[in-house]
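Data first, discussion second: the structure below is written as C-alpha cells.
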Amino acid sequence: MATRKKYDRSLPGTRELVDKIHHGIFIDEGSMVAFPLCFPGATTQIPADESRITAVCSGPHHMVYGGTSGRAAHVFVGMFHGVTGCVVDLGMPEDTSGTAAVCCIKDAWVAACNGPAGGQLFRGSCQPVPFDLIQEWSFSLPPMERIGMPVKGERIVHAVPDGGEGLLISTTSRLVRWSGAGASFGVLSEHAEGNRMVCLPGGVVLGLRDARSVWSWDPASRRFEKSAFALPQTIDTSSGIRWAAGNAGDVYLGDSVGNMFALGAAGGDARKVATAPLKPVTSLAATADGRVFGTCGEGMEHFLCYNPATGKIRDIGMAVSIFERRRYGYAFGDAVTGRDGQVYFGENDDLGHLWIYFPALLPVKRGS
Amino acid sequence: MKLKSKFFQFTGHPLSDSCWSLSVGPDGRIYAAACCECQPGETVKVVRYNEKTDALDYLFDLDVMVGDPRDSGRATQCKIHYSFAPSLHDGIMYMATHLSGPPIDLPAYSPWYFWHDKERCFRGAVLLAWDTKKDSPAWSDTLYPKEGCRCLLHDEERGLLYSISYPRDHLFVFDIAKRKSRDLGRIGSINAQALFLDRRHRVWTTSDYGHLVRYDPDKGRVEHSPEPLPHNPVFQSGWHSVFYDVAPSPEGDCVYASTWIAAPRLIRIWPEEGSWGKVEDLGPATQDRDTWIPVCTFLDHCGGLTFAGDRKLYYVASRWFKPDTHQEKDVYKMDAQKPQGVIWQLDPQTLKRREIGVLERSDYFAQYVSRGAVDHNGDLFFAHVGKTPVGIFRVPMPASHKRPDAHLPLRMWG
C-alpha cells in the first residue's frame with residue numbers, strides 16, 4: 001500500500017480546499033427550503049415518528065397533497081401560493097402506518113394507505129384556498145371516508161389516477177382498477193411483484209410488467225396492453241423504481257441500481273439515457289423546462305439533474321435548508337412538480353419536511 | 001472559599017487540540033481524552049490522572065487499540081466526545097469514538113462530503129470496553145458505520161448503551177450482552193451534546209428547536225416535548241438551545257443542564273414530575289453581551305457541570321472583557337477579549353451562585369471547559385479545549401467540601 005504523506009497546511013489553495021470539503025457537497029444550483037409539516041405559529045408539527053413523507057401529488061389550486069408513514073399515517077396538504085404558506089394535517093387514516101400514494105381526482109384526494117390488515121383507500125375533499133394566512137383564517141376538515149380494500153390482506157405498492165375518475169392500484173400481486181364510485185375493484189392483471197406507475201398528462205398510465213417490459217392503460221379506449229414497450233435492458237427493481245412524466249409526453253424511469261431510461265411520448269423507443277450518480281433512485285420529477293430532478297443514494301441521498309437537451313446528468317449535491325428552517329435532508333420518498341417549475345420533495349425521514357426546490361434558471365437564448 | 005487550579009498539559013500528545021471527554025471511572029479515578037481533531041492523520045490518546053505521581057498516565061492510542069490506523073487515508077479515530085460511560089459492577093469504562101479528524105493527506109474532513117467515498121469515509125464509531133481493574137481492553141466493537149458518536153449513556157441496570165450519532169443525529173441503543181445496535185430514529189440536524197437517564201429508564205435529550213426529546217423503552221417511542229426549554233427571549237427562538245452538559249443531582253431526582261450554543265443558559269429539570277418533567281430556568285450562565293453580532297461559540301460558553309462531595313454544583317462559565325471581533329482570522333487570538341474560565345458554585349437549596357475561582361493556564365486562556373468530574377478523593381477536574389496542547393485542570397477542594405467516595409453516585413453519561 002502506498003504511503004500517504006501528511007498534508008501540509010501551508011500549501012497554497014488549502015483554504016479553498018477546506019471550504020470545498022465543508023460546503024461543496026451541498027446543493028450547488030438552485031435553492032431549497034424545508035417546510036415543516038404544520039402551519040408555523042398556528043399548529044404543531046405532525047409527530048416526528050409519523051412524518052416520513054412517502055407520497056406527494058399536486059392538487060387543485062396548485063396545492064400539494066401528501067401522505068406519511070411511520071408509527072401512523074397522516075394525509076396532509078401544503079399551500080404555498082397566494083397569502084398562504086402552511087401544511088395542514090388532514091387526518092390519520094384509521095389502522096394504517098404507511099402511505100403508498102396520494103392522488104387528486106377533481107375536488108377530492110384519495111390516499112392509498114397500508115396497515116396490518118392490508119392496503120386500503122381513503123378519500124376526502126380537497127381544501128379551498130383559505131383567507132389571508134398572515135391575517136386571520138379558518139379551516140374546515142371534512143371527515144375522511146374509507147373506500148375499501150382493493151385486495152384483501154394485500155399491501156398497496158402504488159396508485160395513480162386512471163385518466164378518468166378512478167385509480168389504478170398496484171398491490172403486491174395484482175393490478176386493480178377502482179372506477180371512482182363505490183367500493184368495487186376490478187382486477188386488470190396479476191403480476192409477481194407490485195411496482196410504482198406513472199400517469200401521463202393525457203391520462204395514459206404506464207407500469208412495469210416485468211424487468212424488460214412496460215404495460216400501458218389507455219383511459220379513452222379502456223385498453224390495457226400487457227407489453228406496450230420493451231426496455232433496452234433488464235432493470236433492477238430490488239429497491240423500487242421511480243417514474244417522472246414531463247409536459248411534452250416524455251417519460252423517465254429510474255431503477256434500483258441508478259439506470260435512467262427515457263420513453264418517448266409515443267412509446268416504442270425506450271432507451272437508457274443516463275446513470276444516476278448514486279443508487280438507488282428514490283424520487284423523480286420532470287419540471288416545466290424538461291429537466292428531470294430527483295434523489296438517489298443510501299444514507300445520505302444526493303440530488304440529480306438530468307437535462308434532456310444536453311443528455312447530461314449532474315450530481316447537484318445534498319439537501320440543506322438554510323432559509324428559516326435549518327436542516328439537512330438525507331432521505332426522500334417522492335417528488336412532484338409545482339406551478340412554476342419548483343419541485344416538492346417529500347422527506348422520508350423522522351420529522352420529515354416538505355422540501356421545496358427552486359431550480360436554477362437556465363440562460364435565456366435570445367432570438368435572432 | 002477561593003479555589004486554585006493546576007493545569008496538566010497533554011505533553012504526551014503535543015498536537016492535542018481538545019479534551020472533550022473527562023469522567024470519573026468506576027474506580028474513582030479521572031479519565032480524559034486527549035483529542036486531536038484538527039491535525040491530519042492523528043488519533044486520540046486516553047489518559048488518566050495518577051494521584052500518586054500527581055501526573056497524567058497515557059493509557060493507549062485509540063487507533064492502535066482498535067486497529068484503525070491514523071495513516072489509513074480515512075477520517076481518523078481522533079476523539080472521544082462526551083462518550084465515557086462507567087460501569088460500576090464490573091469496573092468497565094465504556095468509551096465511544098467520534099469523527100472530524102482529517103485523513104492524513106487532507107486538510108479537513110466532512111462526513112457529508114465523504115459519506116459515499118469508500119477510501120475516505122470514517123470507518124465508524126468504535127465502542128471500547130476498558131477494564132479498569134485489569135488496565136486492559138475487555139473488547140471493542142463497531143457502534144455504527146460511517147458516523148461518529150456525539151455522546152454516550154449507560155443504563156447499567158438494563159445493560160444498554162444509548163448514543164447519538166453524528167452527523168445524522170440518530171438515537172441508537174446498543175445491547176451490551178448481544179453486542180447489537182438498534183436505530184431508534186432521527187432527532188434533527190444539530191446534535192445535542194448530552195443524554196441523561198431518569199429513574200424510569202427513560203433517556204432524555206433535546207431537539208434542534210430546544211424541545212426535550214425522550215425515549216421511553218416501555219413505549220418504544222421517541223417523543224418530543226410540547227414546550228421548548230428556557231432560552232434568551234430577546235434574540236433566541238429556541239433554535240439551537242440543545243443540551244451541552246447535564247449533571248445529575250446526588251439524590252438522582254433532578255438534573256442540572258447548560259445549553260449550547262449562543263447565550264448558554266442554566267436549567268434544572270425534574271424529569272419525573274408531570275408528563276414532561278418540571279423545568280426551571282436558572283438564568284443565563286454567562287454575561288450580557290451585544291446582541292447585534294454573533295459571538296464566537298468558543299468565547300461564550302458554559303460546561304463542566306458536576307456535583308462535589310459537599311453536594312453543591314460546580315461548573316465553569318466563560319467571561320470576557322471586550323466584544324468578540326476576532327472571528328476566523330485566528331481562533332486562538334483572544335488577547336483583546338482576555339477570556340477567563342470562571343469556576344462557579346451553585347447551591348441547590350437556595351439556587352444562589354458564587355464565583356469561587358478562575359482556571360489558570362500560564363500560556364493561554366482557559367475559558368472553554370467541556371466536562372467536569374470529581375474523583376474519589378473529592379477533588380474537582382475540568383477538561384479544557386484551547387491552544388495546542390490542551391489538557392485538564394485539577395482543582396483541589398478544601399477538606400470541608402470533601403467526603404469519602406465523593407464520586408458516587410456515578411454519572412452514567414459523558
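As for region A:229-250, it holds no residue that is within 14 Å of chain B (Cβ to nearest Cβ) and in contact with a Ser or Thr (Cβ under 9 Å, 6 or more places away or on another chain). Suppose the filter is touching a strand residue (DSSP E or B) at 6+ places or on another chain (Cβ under 6 Å) and more than 23 Å from A:Leu278 (Cβ to Cβ); does A:Tyr65 pass it? When the stated conditions are applied, A:Tyr65 passes them.
Filtered by the rule that a residue be in a strand (DSSP E or B) and touching a Ser or Thr at 6+ places or on another chain (Cβ under 6 Å), region B:32-50 gives B:Ala33, B:Ala34, B:Cys35.
With the requirement that a residue be farther than 12 Å from A:Gly163 by Cβ and open to solvent by 30 Å² or more (accessible area, probe 1.4 Å), what does region A:197-221 give you? Hits for region A:197-221 are A:Arg209, A:Asp210, A:Ala211, A:Arg212. Look at (1) touching an Asp or Glu at 6+ places or on another chain (Cβ under 8 Å); (2) more than 14 Å from chain A (Cβ to nearest Cβ); (3) open to solvent by 10 Å² or more (accessible area, probe 1.4 Å) and you find that B:Lys134 fails only one, number (1). Within region A:25-54, the set of residues being surrounded by fewer than 17 Cβ atoms within 10 Å (Cβ to Cβ) and within 10 Å of chain B (Cβ to nearest Cβ) comprises just one member, A:Thr44. Among the criteria (1) within 17 Å of A:Arg325 (Cβ to Cβ); (2) outside any strand (DSSP E or B), the one A:Asp19 does not fulfil is (1). Quick check on region B:174-182. Is at least one of its residues in a strand (DSSP E or B), under 24 Å from B:Cys19 (Cα atoms), away from chain A (no Cβ under 14 Å) and touching a residue at least 12 places away in the same chain (Cβ under 8 Å)? Checking region B:174-182: not a single residue is in a strand (DSSP E or B), under 24 Å from B:Cys19 (Cα atoms), away from chain A (no Cβ under 14 Å) and touching a residue at least 12 places away in the same chain (Cβ under 8 Å). Restricting B:Glu280, B:Glu355 to residues that are within 21 Å of B:His231 (Cα to Cα), open to solvent by 20 Å² or more (accessible area, probe 1.4 Å) and in a strand (DSSP E or B) narrows the list to B:Glu280.
Taking region B:95-118 as the search range and keeping residues that are in contact with a Gly (Cβ under 9 Å, 6 or more places away or on another chain) and of a type in the set (Phe, Trp, Tyr), which one is farthest from the other protein chains (Cβ to nearest Cβ)? Among those that are in contact with a Gly (Cβ under 9 Å, 6 or more places away or on another chain) and of a type in the set (Phe, Trp, Tyr), it is B:Tyr109.
Of all residues in region B:55-69, exactly one satisfies the criterion of being open to solvent by 50 Å² or more (accessible area, probe 1.4 Å) and in contact (Cβ under 8 Å) with a residue 60 or more places away in the chain, namely B:Met65.
Considering only residues in region A:350-364 that are part of a loop (DSSP other than H, G, I, E, B) and over 14 Å from the mean Cα position of the chain (by Cα), the one that is surrounded by the most Cβ atoms within 10 Å (Cβ to Cβ) turns out to be A:Leu351. If you go through region B:303-344 and keep only what is under 20 Å from B:Leu408 (Cβ atoms) and assigned to a strand (DSSP E or B), you end up with B:Gly304, B:Leu305, B:Thr306, B:Phe307, B:Leu313, B:Tyr314, B:Tyr315. For region A:56-66, the count of residues that are under 22 Å from A:Arg242 (Cα atoms), open to solvent by less than 30 Å² (accessible area, probe 1.4 Å) and among the polar types (S, T, N, Q) is zero.
Of everything in region A:270-298 that is touching a residue at least 40 places away in the same chain (Cβ under 8 Å) and surrounded by fewer than 17 Cβ atoms within 10 Å (Cβ to Cβ), the residue that is farthest from A:Gly203 (Cα to Cα) is A:Lys272.
In the set (1) touching a residue at least 12 places away in the same chain (Cβ under 8 Å); (2) open to solvent by 10 Å² or more (accessible area, probe 1.4 Å); (3) over 20 Å from the mean Cα position of the chain (by Cα), B:Lys52 fails one condition alone, (1).
The values are calculated or read from the model by the stated rules, or taken from the named source; none is laboratory data. Note that this is a predicted model, so its numbers are computed, not measured. Cβ sites come from the backbone with ideal geometry, for glycine too, and all protein chains shown count toward neighbours. Note: accessible area is taken over every heavy atom of the protein model, side chains too, but ligands, DNA and RNA are not part of it. Shrake-Rupley method; radii C 1.70, N 1.55, O 1.52, S 1.80 Å.
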